[in-house]
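The values are calculated or read from the model by the stated rules, or taken from the named source; none is laboratory data. A quick note: this is a predicted structure, and the numbers were derived from the prediction, not measured. Note that we place each Cβ from the backbone using ideal geometry, even for glycine, and neighbour counts take in every protein chain shown.
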Amino acid sequence: MSRPPAQSGASVKPGCWPIRPRLAILFSMTRPASIPRWRASGVAVIDWTGEFIFAFVWLTFALSLGAIILLLYLIRRGQAARVSSLFFLVPPVAAIFSYFMFNETFGPVALVGMIVAVIGVAVVNRFS
């Protein structure tokens, strides 16, 4: 197995790859998988409006890079159980955002599911 490249000035644990090369590899692997699907959809022209650029920048930097850097930071601090439990909050948070942003509604079963997810995450984070 090859050793990770050394970076000047970076504090990297022995045997660990720095964050930037890992993210570059991760994101470069999604492009070949997405291009055939994009071409097959028939939408080959991008309308570069202000809304599209804002959404693109938000999804790229805030959600993708920011979330993965936060995820790797928390895992590095030894809080893998807490980090993995946070994934269960994604559907409730998305539903709450869609309620306020798009006036979508959710029924009592969805509300009960959200409450169960929040309680579960709270229990895991309290006792781990």
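At a glance:
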item: Close pairs from region 49-75: first under 15 Å from residue 26 (Cβ atoms) and free of Cβ contacts under 8 Å to residues at least 12 places away in the same chain, partner surrounded by 12 or more Cβ atoms within 10 Å (Cβ to Cβ) and of a type in the set (Val, Ile, Thr), Cβ under 6 Å, at least 6 apart; result: 75/83
item: Meets criteria (modelled with pLDDT of 90 or more, closer than 21 Å to residue 63 by Cβ and out of contact with any Ser or Thr (no Cβ under 9 Å at 6 or more places or on another chain)) for residue 108; result: no
item: Positions within region 76-95 being free of Cβ contacts under 8 Å to residues at least 12 places away in the same chain and closer than 19 Å to residue 119 by Cβ, in sequence order; result: 84, 87, 90, 93, 94
item: Selection status of residue 63, surrounded by 11 or more Cβ atoms within 10 Å (Cβ to Cβ) and in the same structural domain as residue 27 (by TED's automatic domain parsing); result: no
